[in-house]
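**Q** Quick one: the structure is below, questions incoming.
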Amino acid sequence: SRLYEAEGTDSIEYGLIYFDEDEIPELIVGIRGYYTSLYTYQNGTIYTLMDRWRYGAMGNAGYEYVPRKNSLRNDNSDFAGAIHYTTYMSVGSRLTLDIVAEIETFLFDDVNQNGIPDEDELESLGNYSVSYIDGKKATDEECQAYQAGEYEFMDLTMEFEELLEKLQEKAQE
């Protein structure tokens, strides 16, 4: 309930997901289309993994996870989709979300290597694709190696009262 009060708006929604391997669900809190927070519980302590991470604009569709696989993915785009970014994260030993890999995919031929689609490069848009991991050219297989399974969006599906009911049910199990 303190998290509810801290968020401070009536538009807040909640969800429970199984992000890691244990039987304790993680809590997602946010305003659909604006931001998401993610909390985990371990050894009597609540840890903030995501604190109001924004999404819903500028090519960022939101955050996805693979149930019970400790894998979070975020896709983002720049220049009307000409450059695509995929970031993979997992919970590390310090109970923080750590970046595992950042994949940058150019969907145009960046002939002058300036990192933006120039007018004379636009005709290659959609007919070209090259990906980089940590600044080094990467194959499709290298990029696919970070896929941990079937990703699901972190959906906000409950009002506060429903969340309390679910948590009480979980406590009685």
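**Q** Could you rank Ser93, Ser11, Ser71 by how accessible they are, 1.4 Å probe, largest area first?
**A** Final ranking, largest accessible area leading: Ser93, Ser11, Ser71.
**Q** Using a Gaussian network model of the chain with C-alpha springs under 10 Å, which one of Glu121, Glu104, Glu159 is most mobile by mean-square fluctuation?
**A** Glu121
**Q** Please list Lys137, Lys166 from largest to smallest accessible area, probe radius 1.4 Å, with all protein chains kept in place.
**A** Sorted descending by solvent-accessible area, the residues read Lys137, Lys166.
**Q** Another question, if that's okay. Which residue, Tyr128, Tyr85, Tyr63, has the most motion in a Gaussian network model of the chain that connects Cα atoms within less than 10 Å?
**A** Looking only at Tyr128, Tyr85, Tyr63, the biggest GNM fluctuation is shown by Tyr128.
**Q** Over what distance in Å are the Cα centres of region 75-108 and region 144-167 separated?
**A** 20 Å
**Q** Here is a follow-up. Given 5 Å bins starting at zero, what is the percent of C-alpha pairs of the chain in each, up to the one with the largest pair distance?
**A** Binned Cα distances yield the sequence 1, 8, 15, 18, 17, 13, 10, 7, 6, 3, 2, 1, 0.
**Q** Please state the relative contact order of the chain as a whole percent: Cα pairs under 8 Å, 6+ residues apart? Mind showing how you got there, number by number?
**A** Working: 321 pairs, mean separation 33.3, N = 173.
Relative contact order comes out at 19 percent.
**Q** Can you list the equivalent-ellipsoid semi-axes of region 19-75, largest first and in whole Å, using the square root of 5 times each Cα gyration tensor eigenvalue?
**A** Over the Cα atoms of region 19-75, the semi-axes work out to 22, 13, 7 Å.
**Q** So, one more: Under 10 Å, Cα contacts only: if you run a Gaussian network model on the chain, which one of Glu23, Glu141, Glu150 comes out with the highest mean-square fluctuation?
**A** Glu141
**Q** Follow-up. Working with all protein chains in place, sort Val100, Val111, Val130 by solvent-accessible area computed with a 1.4 Å probe, largest first.
**A** Val111, Val100, Val130
The values are calculated or read from the model by the stated rules, or taken from the named source; none is laboratory data. Please read all numbers here as calculations on a predicted model, not as lab measurements. Accessible surface areas use protein heavy atoms only, side chains included; no ligands, DNA or RNA. Shrake-Rupley method; radii C 1.70, N 1.55, O 1.52, S 1.80 Å.
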